[in-house]
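Chemist: Got a structure for you, questions after.
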Amino acid sequence: MKNIKKYLMIPGPTQVPTEVALASAMPMINHRSKDFKDVLLNITTKMKKFYKTEKGEIFVLTSSGTGGMETAIVNTLSPNDKVLVLSIGNFGERFAKICKSYGLDTETIDFEYGSAIDPKVVDERLSKDKNKEIKAVLMQHNETSTGVVNNIEAVAKVIKKHGALIIVDAVSGLLSADLRMDEWGLDVVVSGSQKAFMVPPGIAFIGISERTWDYIEKSKLPKFYYDLKQYKKFVANGETPWTPAISVCFGLNKAIDMLLEEGIENVIKRHEELRNATRAGVRALDGFKLLAKDECASRAVTSVYPKEGVDAEEFRKIVREKYGVVLAGGQGSLKGKIFRISHLGYIDQLDTIAAFAAIEMALVEMGQKIELGKSISAIQESLLNKVAISSKS
Ligand SMILES: *Cc1c(COP(=O)(O)O)cnc(C)c1O
């Protein structure tokens, strides 16, 4: 069926509320006008609440999240600088690739897929760096490819002892998990419009701590479009150096107000409850396995190994084409091996239940003998009782 109703259950771009879509549909305005200045100031001022920063500054970039990651690197480092990437999946590997493309001396510590960064391992490595050669440490807040959330507070604590710049990709993490830029001493924090913010793709944000400006002054990596010194100059007048994605800014402005009305802690709790329900649903599907461990399970997305004999891609195709439920596939080395169910952004309880109803029906169609409704009732129970994540096997 061509015009089948879609349930977008991928971890970005996420579903967009009608209010946000309508705000994005407003006519264009001059990006060098008082009207746009008001929009930009509203975004940057309120974004500080999400970043939990008072001392830091937020800049709005017209790019996807990866552009924000690149902005973080090219503005703070110089050729041949040594950097340490803490990788727990595909986006960690992307950080390393960007660093290498700019000729940085890049060392990566890979942690097993499904686990989080171990702060002890980081501490051991940084303690050996007596001459302070490592200039920056880069990591993900939430790793979307495996569905794992890092304990940034604990990792940042050990990096602080060393003194390297702390660069965090919080594109899927911000608002799906707690993040405190000032309190945890994070220097550069990247996020984007198309994940928990429920806005179409096109805008990335970057938070910059006070001490990062020393690095920015000294940085010699090439840059033009992403030069933060230009952004700083223009933001004083409520402008961006280049034409911004004005429609996305309109939508973001609306979404920010909706999220602040809901309350930041409630937004995180909503993600957590759906995460718990989704994991309960997966556990009720015989033979299906969760990739991420309970203690570091992402509130944004759940990665699942299907039962043996069920091809992940064929299964996703049936769920998508017959029922309109769009699940994400695996990325990098997990391609074809797992599927991912998102609970990020504008996804609600009934979306999750609908997705599992489709999953069960597709399994029956693939010849699997399953008890219909088992995952649905596990989800309903979880949502009604707010069952703790590890209290049920
Ligand atoms: C989505 C995402 C990004 C950005 O990806 P783009 O496709 O460039 O928007 C970066 N890091 C993480 C952890 C993400 O989930």
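Chemist: Which of rounded, prolate, oblate describes region 12-101, given a ≥ b ≥ c as roots of the alpha-carbon gyration tensor eigenvalues and a/c under 1.5 marking rounded, otherwise prolate only if a/b is larger than b/c?
Modeler: Verdict is prolate for region 12-101.
Chemist: Okay, next question. Rounded to two decimals, what is the ratio between the C-alpha radius of gyration of the chain and 2.2 N^0.38 Å?
Modeler: Compared with the compact-globule rule of thumb, the chain sits at 1.00.
Chemist: OK, next. Can you give the extra length, in nm with one decimal, that the chain gains between Asn237 and Lys160 once fully stretched, where that is 0.36 nm per residue apart less the Cα-Cα distance?
Modeler: 24.3 nm
Chemist: While we're on this one: Past the 32 Å Cα-Cα mark, which pairs from Lys55/Lys223; Lys293/Lys317; Lys46/Lys128; Lys97/Lys233; Lys55/Lys293; Lys55/Lys337?
Modeler: Exceeds cut-off: Lys46/Lys128; Lys55/Lys293; Lys55/Lys337.
Chemist: Using a 7 Å offset from the Cα along the Cα-to-Cβ direction at both Lys132 and Lys6, what is the distance between the two label points in nm, to one decimal?
Modeler: My value for the distance between the label points is 5.0 nm.
Chemist: Give, in nm to one decimal, the length gained when the segment between Asp182 and Glu313 is fully stretched (0.36 nm per residue of separation minus the Cα-Cα distance).
Modeler: 42.9 nm
Chemist: Would you be so kind as to identify all helices of the chain, as entire DSSP H runs, whose Cα atoms reach 20 Å or more along the helix's own axis and whose mean Kyte-Doolittle hydropathy is at least -1.0?
Modeler: The answer, listed by residue number, is 34-51, 246-262, 264-283, 349-365.
Chemist: Around Gly163, which amide H atoms from residues at least 5 apart in sequence, or from another chain, sit under 5 Å from its own amide H, with H modelled in the peptide plane?
Modeler: HN-HN under 5 Å from Gly163: empty list.
Chemist: I'd like the Karplus ³J(HN,Hα) series for region 334-345: coefficients 6.51, -1.76, 1.60, θ = phi - 60°, whole numbers in Hz, and an x wherever there's a Gly or Pro.
Modeler: Computed from phi, the couplings for region 334-345 are 8, 4, x, 9, 10, 10, 10, 10, 8, 9, 9, x Hz.
Coordinate-derived values only; no laboratory data. Small disclaimer: the values here were computed from a predicted structure and weren't measured. Glycine gets a Cβ as well: all are built from the backbone with ideal geometry, and neighbour counts include every protein chain shown.
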